[in-house]
Every structure is written in structure tokens, then in C-alpha cells.
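Since the structure comes first, as C-alpha cells, the remarks are kept for the end.
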Amino acid sequence: MRRINFQSELRSVFKEIGQIARKLGYSVYIVGGPVRDILLGRSFQDVDVVCVGNAVKLAKVFSRRVKGEFIYRRRYPNATVKWNNSAKVDFVSARSEVYPKNRIGLPRIRRTKDLLIDLNRRDFTVNAIAVDLNPGTFGNLYDPFNGLLDCQKKLIRVLHPNSFKEDPTRIFRAIRFSMELSFQIEENTKKLLNRDLKFLKQLSQARLWKEIKICLNDGSDVLNYLKKFGVLRVLNFSYPGQGFLERVDVGSIQFDVNPVNTLILALIEKKPARCYSFERSFIQQINYVREINNKALRNIEVVHKLFKLEDYSLLFLFARYPKNSIIIENFFDNREKLKPELNGEDIKKLGVNESPEIGKLMKRIIEGRWIGKISGRNEEVDLVERYLGGKDVSW
Ligand code: ATP
Ligand code: MG
């Protein structure tokens, strides 16, 4: 039996979890990410614990012991304990999963007393290894699918041929792990992945976008992988070529913007926004971005529209239309100076009736600042007074 030697800090936390479980009459193991990362000599942040018994109860007692925060999720049910600002442990009860036969959907879940059954429901061999935390057997490695060997060979391998069909989100997980860990997807697994790509189309929008966002959090390069494995093709997604991803990377650093939503804008650029169940505010951004297209950006009339854009949308325009990148860069650098000092109320007080004219005057002020004709409040007031005096205020 192979044993794992934990580094000292973790060792005492894991021993504690094992002892609490023993008192409650449960047995307990760590599984998945942390085991894989220990075997690979990588650092990790989140710990996944599987409990043969009531994981929520175990988590509750553990949270009191470490004076941590206890987060309960009723749906599964499971719980997370956070403490010391960074450490985080997810507690899940050992379970079996039975997937619906004729459609893609969530599995029927049952508690199990058998660790092997729990490992059997997992995604890849390298994630189906458990380390015993129970007193007496502490540190023992359970590796029924030869995950350790696959760690050494650097391979992502499914546990059974129906894995991707049962849960097509595993397709994203396989690609993401292969990228994050610099592993290859094992040949037969690759064939199965390819065979079952079509099931991605049956995922609910919510599950699909959740996975895409997790992938995009790894950086823009993941899109090249999703393309390579045919995922973008079956989902009818594409992204602009010719250096677009590189410009997103450069811009996200230059303007300090998280590029996840920028990349989503790119994926759905050519599709009607109503196809997706995004939040209203995001749909609005999609529409704004489409309004401000390549051509319009050269026109000063469009500058006020840039204020409606979130940073990720500005980054999209920056990367999408290289000819306009200087304008966007300018906007990022100067937008504080472009903001009018007067607001709608002030303009009303100066004597303009409540009407769309107020909005138009605000736009003229922004344009004036953009072309350097206005730099302060007095000049803004001048413009309003010129308007009230019946003069033309366009630039
Ligand atoms: P990470 O380092 O990204 O946290 P992880 O392997 O711990 O990697 P999690 O998403 O935290 O991944 O999931 C924990 C474990 O739960 C996985 O290792 C795997 O055993 C199992 N798991 C998660 N999602 C699935 C899934 N869709 N199908 C099967 N098993 C899954
Ligand atoms: Mg994890």
C-alpha cells in the first residue's frame, strides 16, 4: 500500500478531520485535485474531502474547531469551510450517480458507504484517487483506476466509455486539465471525446456557460484548445483571427481588465443576442458593442456611447478593430477628463426644459472635451448658454 506524506501544516489539518470523523462514526478521505497535485508536486488551494457519512455534519464540527466560516449548500447537500483567509475545504458525502438513459441531464444521487462507488462516478483516472485520513490508516492511497500511473504518464483518461455522454461538461474539463497540467488526452479518450462532442449541444445554457467561463478564466489560449478539439465547431462558435487573442492579452494587462467577458463577446459576435440566457446587463453590452462598430468609431458622435460600455466591452473593441485601438486607448486613458462636470439637473437649472435636448447637450459636451474644445465647467456652461441663445452647438 502506497502512503502519502503530507507536509506538516496540512498534516495536522488532515489528522484533525480524520479524528473528528472517527468520533462521528464516519470515514473520510481527500480526493480529486489535491491528491493529483500532491502526486505531481504541485501546489494547490482547495481541498476536496469525501466523507462516508454526513459530510455537512463533519464540516460543521470542523468549522467550529478551526473557527472558520461554514458555508452550507442545501441542494447537493454539501458544505465548505474557509479559514485563515485562504484555506478552503469542500466536504461532500460519498455518493453514487445514475444518469438518465435517453437524454443529457443531472444524475440521480444516492449516498453510499462504499468509497469505490464514489470514485467510480468521477471524471478521470487522475481525479479518482483517494487518500485515507482515518486514524490508523492515515495516508494510505486508494487508486482503483491506476490514476497514479496516468499522473506519471501525464494522461487524462476517462473511467468508462460513456463518461462524456453522461456528462458532456467533462469534455471541457478534459481540455482544461490537459492545458492546466500539460497532460495529453489519452488516445482512446480523445476518440470518445470526438465521438460525443455532439452531446454538448444538449447541455442547458446555464451549464454550458458555466463551463465556458471556467475555461476562459485560464486565459485566452484555451480558445485555441477548444477549437482544436472541435468544441467551438459543434457549438457554432468562432472568434476573430489575425492576432485578436494576442491583442486581448495585451489590452487586458494594459487596461487591467479581466478578459473573460471580452472573450464571450467574441464567441457570440455573429449570433443574435437573444439566443442566450445571459443577464440583462450583459445583453445590453452585446447590443452596445454591435451598435458601435468599426465604422462608427471614427465618428466623434460615437464617443458618448463609449461611456455606456463596461471595460470588457471596450477591450473587445480595442482588440477587434486594430484601426480603432488608439481611440479606445485614448478613451481608457482620458475618460475621467472626458466626463462632463455638469449633469442633467445642472443643465435644467440653467434654463433648459426637461426634454431629450438635455441628453443631446451632454453628448455635445463630451464631444467638445474629446476634441479639446472644452476642458472645464465654465466652457460647459458657455455651451448651454449658446444653445439657449439659439446658436448652433455642433462641433
Ligand atoms: P481543481 O484543481 O480545478 O479544483 P479538481 O479535480 O479538484 O481540480 P473540482 O472541480 O474541484 O476539480 O472537482 C473535484 C473532484 O470532483 C474532481 O477531481 C472529480 O473527481 C470530481 N468531479 C468534478 N466534476 C466532475 C464531473 N463533471 N464529473 C465527474 N467527476 C467530477
Ligand atoms: Mg478542487
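Taken over segment 372-395, the criterion of being of a type in the set (A, V, I, L, M, F, W, C) and modelled with pLDDT of 85 or more is satisfied by Ile374, Val381, Leu383, Val384, Leu388.
Just one residue in the set Val56, Val61 is more than 16 Å from ligand 2 (Cβ to nearest atom), part of a helix (DSSP H, G or I) and over 30 Å from the mean Cα position of the chain (by Cα); that residue is Val61.
Apart from one condition, Leu232 fits all of (1) open to solvent by less than 20 Å² (accessible area, probe 1.4 Å); (2) over 17 Å from Trp209 (Cα atoms); the exception is (2).
Taking segment 41-78 as the range and being in contact (Cβ under 8 Å) with a residue 12 or more places away in the chain, open to solvent by less than 90 Å² (accessible area, probe 1.4 Å) and away from ligand 1 (no atom under 16 Å from the Cβ) as the test, the residues that pass are Gly53, Asn54, Val56, Leu58, Lys60, Val61, Phe62, Ser63, Val66, Gly68. Within the group Phe44, Phe14, which residue is touching an Asp or Glu at 6+ places or on another chain (Cβ under 9 Å) and either aromatic (Phe, Trp, Tyr) or outside the structural domain of Arg121 (by TED's automatic domain parsing) (or both)? Unique residue meeting the criteria: Phe44.
From the list Ser281, Ser238, Ser277, Ser252, pick out the single residue that is among the small types (Gly, Ala, Ser), under 18 Å from the mean Cα position of the chain (by Cα) and either in a loop (DSSP other than H, G, I, E, B) or assigned by TED's automatic domain parsing to the domain that holds Lys210 (or both).
Exactly one of Ser281, Ser238, Ser277, Ser252 is among the small types (Gly, Ala, Ser), under 18 Å from the mean Cα position of the chain (by Cα) and either in a loop (DSSP other than H, G, I, E, B) or assigned by TED's automatic domain parsing to the domain that holds Lys210 (or both), namely Ser277.
Of all residues in segment 239-298, those that are at positive phi and modelled with pLDDT of 90 or more total 2. For segment 125-134, the condition holds for no residue, the condition being that it is touching a helix residue (DSSP H, G or I) at 6+ places or on another chain (Cβ under 9 Å), in contact (Cβ under 8 Å) with a residue 40 or more places away in the chain and hydroxyl-bearing (Ser, Thr, Tyr). Considering segment 177-209, and only residues there that are among the aliphatic types (A, V, I, L, M) and assigned to a helix (DSSP H, G or I), the residue that is farthest from Leu149 (Cα to Cα) turns out to be Ala206. Filtering segment 12-39 to residues that are more than 19 Å from Lys57 (Cα to Cα) and surrounded by 15 or more Cβ atoms within 10 Å (Cβ to Cβ) leaves Gly32, Gly33, Pro34, Val35, Arg36, Asp37, Ile38, Leu39. Restricting segment 21-53 to residues that are touching a Phe, Trp or Tyr at 6+ places or on another chain (Cβ under 7 Å) and not in a strand (DSSP E or B) leaves a set whose member that is nearest to Asp114 (Cα to Cα) is Gly53.
Given Gln184, Gln285, which one is farther than 19 Å from Thr169 by Cβ, in contact (Cβ under 8 Å) with a residue 12 or more places away in the chain and open to solvent by less than 30 Å² (accessible area, probe 1.4 Å)?
One residue alone meets the criteria, Gln285.
Of all the listed residues (Arg364, Arg369, Arg335), the sole one being open to solvent by less than 30 Å² (accessible area, probe 1.4 Å) and either within 27 Å of Asp311 (Cα to Cα) or within 39 Å of the chain's Cα centre (by Cα) (or both) is Arg369.
The values are calculated or read from the model by the stated rules, or taken from the named source; none is laboratory data. These figures come from a predicted structure and were not determined experimentally. Please note: Cβ atoms are built from the backbone with ideal geometry, for glycine as well, and neighbour counts cover all protein chains shown. These accessible areas exclude ligands, DNA and RNA; they are computed on the full protein's heavy atoms, side chains included. Shrake-Rupley method; radii C 1.70, N 1.55, O 1.52, S 1.80 Å.
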